[in-house]
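Colleague: Below is one structure. I have some questions about it.
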């Protein structure tokens, strides 16, 4: 690695893409945002205005041909991820890609196989919770033995209800609540429990508010149990309908103690005492909750590339989370436990 | 009902029996503890010393023959409950009986059938959480519509680890973790969700510390999902191995909000700030956590008898909780979902 | 002391008097409520209906003549306390008296002098916080060295605002906010700091809502600093105008840690998550907050009489709290520090 | 203002200076760190290594002569602040200066007078709490009327004990605990109470651990009351000896509610449940607590300069905080209330 900064090209400039672009442009030391790509004219205009003079592309392959780009940062629609990763690796670029790797297991395998040919290139899937300072603190405490042997994770990904049910429109392609939301919790459980192999899952769920999900076999509140080898187990909860905000957190139980991450999704350090009691406001969205995690994730990727080591979730991790997510979806549909 | 107090005979004077006896003797207005029964000499001596001059029996049927006893309060081994309830009803006594009604469903039905013949007699199974002031407050908030339509309950019964594993000795007769612990959560879920009918369950679990449980097919940490009709669902967790105390609580999620009961099992109103951070101590046992619930439960029973109405969990409620508990046990053993 | 219960006569049956009467009648083992006294007809009727057949008096001296009364429990207007205590002692009765001992220091001294002649009689002033389980737990932790040497107490007595300003009517006789409210915090500070001698105080305050207090030189929000000998110090806050409930608590800071009692005046173990955030409701009044303290206080008094030892705040403690309270009032009026 | 970034020169590269320098170099969009100045060789070396190629000076006046510097950022010893601000203004530079403006009131006035001659130049004193997101949120809630009319602030600045008592060495020049620590709380109180004029103060304190402070008339735990005009009041607490961390927070009480900022100085979103109870770790230092505030402060300064408006605490605010701090020190020394 040269002494200069890692030159990154961001691909996809939607809401999350913009955040990644700004982080890489202004807040990640060791990185330089040199290129941005979007098929949307307005997004390219934004890139020209808000970012420090990157080259702006409307075509992914043009960006891949830019020799000044060391790494691509994919914040594109899920269906494109697999091929875009492969193309990036073939073009000699490191790849950071938002989750999921793919909603097709065969495709996941294809990407993994291809990546094996480029051991010198970093390819990471963005499970940003691994970089959230609180999750990381919990992970380090577990490593240090603070709770003995961890054997259970309870983890949830719960969004504040969107009365307009925007996400219902994505139901046909999202893969369903378990592949869209719980996949984060699956990765967290595996990571905090020492990467055990999953044995069996069971899932269930209800439609509490968004009737439009029924035609896609999806639910707006899902629950699941995942059994791992070695006497380890996880419980998951995903919701699209919470009243109080984005309430995303995890609990790890060990033989000598337990850790909670984010048990109260407090928005800040303010408490309000009034006639309704004493309260704190909550983080409205995962953007608010994980603002720092996205930044730390970017810093970690850049550092890892520069130091020639893996950081964050590997392609194999992403595939395993997807595999478990698929089994959850199958269990939800069948009402039966699914062996893995 | 006469204007005088309800005259109660306590049967069984183990740890929990003693607490019930003291509550009824000294803290429940409208009740008089007039009799106590135990086959254990030391417990009868305790009754003579600590209680206000009750008649002390070593034989249950002798107590049933005492015409000054209006109601019996059964705190006896589970295997005796069913027949003792039947005998009490036949002797014309109201009955309060600690959970479970029975670990045999046919026996449950036999008791219910018998009880139908004595509509003037109260027969209640002691699911004391319904009387805990915080649970009751949550119930009333739900009734008042505070969280919209409740559709999910997450509930747990978790004991502090007993390094000597005392409960392992009871594994042969306890019915297993779901019938011993989760049965409370099942009742809470039914109660807070509006008494829906269960459709299907799935359960799993691990032995984290107490290997001796394996030979009985039991676990020291169990998890479960229970699906009810009408788009309602429950998740359960039971543990024998927590480090921090008895951590028993519930969460109810509705379409317009959620309620937590006992999310932090704080022992009292004290917080300690020292080099380890800021902490509260936890309730060590369910006795500490539910001290007030046991008392409120006794008061409610006495009031209900005097007013000629049902209070607390009926025999049918207890049977339904047992039925679901059995299905959880079956699921744990088979690794399959069980339809009800 | 005979083996029988302590026979108590309650004097004064207002709101707090009724609570004491019920506690002594039904919830304090070792006590028998045998007499009740009130000049108010309606209160005597209540006593006949709600209590277990006590003798009911309309005249205090008639109750003092009742030879079956071992102890009197004074819940009468403050101005009567001193003389009633003296009369009770002269009649050979133990005395429990609600705070304050007196708002006249010379009168305090007179009572203390009189009490010295009856060393066999218990005379206690009702600073109930010393019996609140959480305060007691904090005290025991301090005794056990949990926070090193305690050197600072911050303590507050804050009522929910009464829009009708009922207490304004009592302003002429209450002694002002420091003698009415802060006197509890003064006792707590002395108790938790090892009974140091006060050296100097400074007080200030504002009228936030209840303008009617101005004519009495009183405030509805008062603050104060009290310096003790030996490098110990206290800060006090008293309010009549909080929006969220009765918020009464204390903090003790030591050289190795700190303890908080009641930092969040949570009403129960319920938390509510809704669009306003996550909140707990608060204890509306000191009755709700200190329900258990009043009961423990009564139990402790009865046990102390039966065991022939002092329990709770002595007359001297009460006088010292009053003396400091007077100095605070003087400081508020003068805007100057007052040396003691 | 040109369209380019604000070109900043940082002066003083101690621990806090380094943080400011890094923020300005890498995290503040709209700013460019173009110069750094320190008389310490090691610090200049750090600047060359860690910062993006600034011009590095060992002499302040040389930096002032650099025409590419638009603004200076003073993180120098307190005694230098006043003259350095004056020199910067005379050199045509905007000035950000860490608190305090000066520990000499005449000098404060001299700076203010000089600054009046340069109305086009921004001069701000770094009371960073005004930029902490939680403090700002509280401020906005107050502005929006969430707590009615605010009339009381309780605010504290408390450091974790440094067993080596490093700060004792600074006692001769720090101005004492009130001018060093409480000055922040004074500014917070003024800001949250609507900039009222102070009328009278009283202060007291103890030496809990650091006996070395006595010779300078300083304490390691100080308390104070500050009365403002218009029926507003503040209580302050400052400590150098807490066991659990940096515990810095404030409470604002209004006629319709109260706000707490930072009531529990939690380090992150992790809670630990083990045999000692349930706890969170605390922010060890004000660096950890106010990391984001320092950054927001820098962004706000840059934005304000570019928009030609004042942001943050003015020189007059700083002088007023110092004036109150002096009165507190005088009160501590004399044991008397001090009128302002």
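The values are calculated or read from the model by the stated rules, or taken from the named source; none is laboratory data. Since this is a predicted model, take the numbers as computed values, not measurements. For neighbour counting, all protein chains shown are included, and Cβ atoms are generated from backbone atoms with ideal geometry for every residue, glycine included.
Colleague: Looking at residue B:243 and the list (1) out of contact with any helix residue (DSSP H, G or I) (no Cβ under 8 Å at 6 or more places or on another chain); (2) under 24 Å from residue B:291 (Cβ atoms); (3) more than 11 Å from chain A (Cβ to nearest Cβ), which single condition is not satisfied?
Modeller: With (1) out of contact with any helix residue (DSSP H, G or I) (no Cβ under 8 Å at 6 or more places or on another chain); (2) under 24 Å from residue B:291 (Cβ atoms); (3) more than 11 Å from chain A (Cβ to nearest Cβ) applied to residue B:243, the lone miss is (3).
Colleague: Test each condition in (1) surrounded by 24 or more Cβ atoms within 10 Å (Cβ to Cβ); (2) within 21 Å of the chain's Cα centre (by Cα); (3) under 17 Å from residue B:239 (Cβ atoms) for residue A:251 and report the one that comes out false.
Modeller: The single condition residue A:251 does not satisfy is (1).
Colleague: Tell me, please, whether a residue that is under 25 Å from residue D:285 (Cα atoms) and in contact with a strand residue (DSSP E or B) (Cβ under 8 Å, 6 or more places away or on another chain) can be found in segment D:54-72. Please lay out each step first, then the result.
Modeller: First, the residues of segment D:54-72 that are under 25 Å from residue D:285 (Cα atoms): none.
Checked segment D:54-72: no residue is under 25 Å from residue D:285 (Cα atoms) and in contact with a strand residue (DSSP E or B) (Cβ under 8 Å, 6 or more places away or on another chain).
Colleague: Scan segment D:111-136 for residues that are without any contact (Cβ under 8 Å) to a residue 60 or more places away in the chain and within 14 Å of chain A (Cβ to nearest Cβ) and report the count.
Modeller: 0
Colleague: Right, something else. Residue C:259 passes all but one of (1) within 14 Å of chain A (Cβ to nearest Cβ); (2) touching a residue at least 12 places away in the same chain (Cβ under 8 Å); (3) over 27 Å from residue C:332 (Cα atoms); which number fails?
Modeller: (1)
Colleague: Which of the following residues is at negative phi, more than 14 Å from chain B (Cβ to nearest Cβ) and out of contact with any helix residue (DSSP H, G or I) (no Cβ under 9 Å at 6 or more places or on another chain): C:271, C:251, C:227, C:215?
Modeller: C:227
Colleague: Could you check, for segment A:138-145, whether at least one of its residues is assigned to a loop (DSSP other than H, G, I, E, B), away from chain D (no Cβ under 13 Å), out of contact with any strand residue (DSSP E or B) (no Cβ under 9 Å at 6 or more places or on another chain) and without any contact (Cβ under 8 Å) to a residue 24 or more places away in the chain?
Modeller: Going through segment A:138-145, the residues assigned to a loop (DSSP other than H, G, I, E, B) turn out to be A:144-145.
Restricting the remaining residues to those that are away from chain D (no Cβ under 13 Å) gives none.
The answer is no, given that none of the residues of segment A:138-145 is assigned to a loop (DSSP other than H, G, I, E, B), away from chain D (no Cβ under 13 Å), out of contact with any strand residue (DSSP E or B) (no Cβ under 9 Å at 6 or more places or on another chain) and without any contact (Cβ under 8 Å) to a residue 24 or more places away in the chain.
Colleague: Also, I was wondering about something else. Scan segment C:262-288 for residues that are outside any loop (DSSP other than H, G, I, E, B), under 26 Å from residue A:268 (Cβ atoms) and either under 27 Å from the mean Cα position of the chain (by Cα) or not assigned by TED's automatic domain parsing to the domain that holds residue C:161 (or both) and jot them down.
Modeller: C:266, C:280, C:282
Matching residues to (1) at pLDDT 95 or above; (2) within 21 Å of residue D:305 (Cα to Cα):
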| site | (1), (2) |
| --- | --- |
| D:1 | no, yes |
| D:7 | yes, yes |
| D:17 | yes, yes |
| D:21 | yes, yes |
| D:28 | no, yes |
| D:32 | no, yes |
| D:35 | yes, yes |
| D:39 | yes, no |
| D:44 | yes, no |
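Colleague: Follow-up question, since we're still on this one. Collect the residues in segment A:156-190 that are more than 21 Å from residue A:101 (Cα to Cα) and either touching a strand residue (DSSP E or B) at 6+ places or on another chain (Cβ under 6 Å) or modelled with pLDDT of 95 or more (or both), keeping them in residue-number order.
Modeller: A:158, A:159, A:160, A:161
Colleague: For residue D:207, indicate whether it is within 7 Å of another protein chain (Cβ to nearest Cβ), touching a helix residue (DSSP H, G or I) at 6+ places or on another chain (Cβ under 9 Å) and more than 21 Å from residue D:178 (Cα to Cα).
Modeller: Here the answer is no, as residue D:207 does not meet what is asked.
Colleague: Quickly run through segment D:230-248 and pick out the residues that are on the phi > 0 side of the Ramachandran plot and either outside the structural domain of residue D:135 (by TED's automatic domain parsing) or surrounded by fewer than 24 Cβ atoms within 10 Å (Cβ to Cβ) (or both). Before you say what the answer is, go through the steps one by one.
Modeller: First, the residues of segment D:230-248 that are on the phi > 0 side of the Ramachandran plot: D:230-231, D:245.
The answer is D:230, D:231.
Colleague: Sticking with this one: Please work out if residue A:322 is surrounded by 24 or more Cβ atoms within 10 Å (Cβ to Cβ), closer than 21 Å to residue A:130 by Cβ and under 18 Å from the mean Cα position of the chain (by Cα).
Modeller: yes
Colleague: Also, quick follow-up: Hey, can you tell me all the residues within segment B:289-310 that are crowded, with 21+ Cβ neighbours inside 10 Å and not in a helix (DSSP H, G or I)?
Modeller: Passing the criteria: only B:290.
Colleague: Read through the list (1) more than 18 Å from the chain's Cα centre (by Cα); (2) assigned to a helix (DSSP H, G or I); (3) within 14 Å of chain D (Cβ to nearest Cβ), then give the number of the only condition that residue A:148 fails.
Modeller: With respect to (1) more than 18 Å from the chain's Cα centre (by Cα); (2) assigned to a helix (DSSP H, G or I); (3) within 14 Å of chain D (Cβ to nearest Cβ), residue A:148 is out only on (2).
Colleague: Being within 22 Å of the chain's Cα centre (by Cα), surrounded by fewer than 24 Cβ atoms within 10 Å (Cβ to Cβ), in contact (Cβ under 8 Å) with a residue 40 or more places away in the chain and farther than 23 Å from residue C:203 by Cβ narrows it down to one of D:194, D:217, D:212, so name that one.
Modeller: Within the list D:194, D:217, D:212, the selection yields D:194.
Colleague: Right, next: Report, by residue number, each residue of segment A:274-320 that is within 14 Å of chain C (Cβ to nearest Cβ), touching a residue at least 12 places away in the same chain (Cβ under 8 Å) and over 26 Å from residue A:22 (Cα atoms).
Modeller: Selection gives A:280, A:281.
Colleague: Residues D:66, D:104: which one is without any contact (Cβ under 8 Å) to a residue 24 or more places away in the chain and away from every other protein chain (no Cβ under 14 Å)?
Modeller: Sole residue among the options that is without any contact (Cβ under 8 Å) to a residue 24 or more places away in the chain and away from every other protein chain (no Cβ under 14 Å): D:104.
Colleague: For segment B:19-54, which residues satisfy the criterion of being over 17 Å from residue B:299 (Cβ atoms), more than 14 Å from chain C (Cβ to nearest Cβ) and in contact with a helix residue (DSSP H, G or I) (Cβ under 8 Å, 6 or more places away or on another chain)?
Modeller: B:35, B:36, B:37, B:38, B:43, B:46, B:47, B:54
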